[in-house]
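Colleague: Below is a structure I'd like to ask you about.
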Amino acid sequence: MNYKIVFCFSGQGSQYYNMGKALYEQNNTFISWMNRLDEIVKAMIHESIVSVLYTEKKKFSDPFNRLIFTHPAIFMFEYALYYVFIE
């Protein structure tokens, strides 16, 4: 059968500190894509989204709302998750 698959991901407002942390600790595909994308973003904003997202200093409930971090974090998370799904 030839099915078309569509992935729909949430957008701004769905982000939180440590989202996908278990995947980042355990899934090689997710880790690889997050790190690749982190290098691209780091070259633009001079800060690691991975370091900001997975910091020990923030709790799940702390506001994660600085657009310079949240927009790339959401995209990176969803892009890396896509590759986990198709693996």
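The values are calculated or read from the model by the stated rules, or taken from the named source; none is laboratory data. If you're wondering where the values come from, they're calculated on a predicted model, not measured in any experiment. For neighbour counting, all protein chains shown are included, and Cβ atoms are generated from backbone atoms with ideal geometry for every residue, glycine included. Side chains included, ligands, DNA and RNA excluded: accessible areas come from the protein's heavy atoms. Shrake-Rupley method; radii C 1.70, N 1.55, O 1.52, S 1.80 Å.
Colleague: If you scan the range 46-79, which residues turn out to be loosely packed, with under 12 Cβ neighbours inside 10 Å and within 20 Å of Gly11 (Cβ to Cβ)?
Modeller: Phe60, Pro63, Asn65, Arg66, Leu67
Colleague: Next question, about the same structure. Scan the range 34-45 for residues that are open to solvent by 80 Å² or more (accessible area, probe 1.4 Å) and β-branched (Val, Ile, Thr) and jot them down.
Modeller: Ile40
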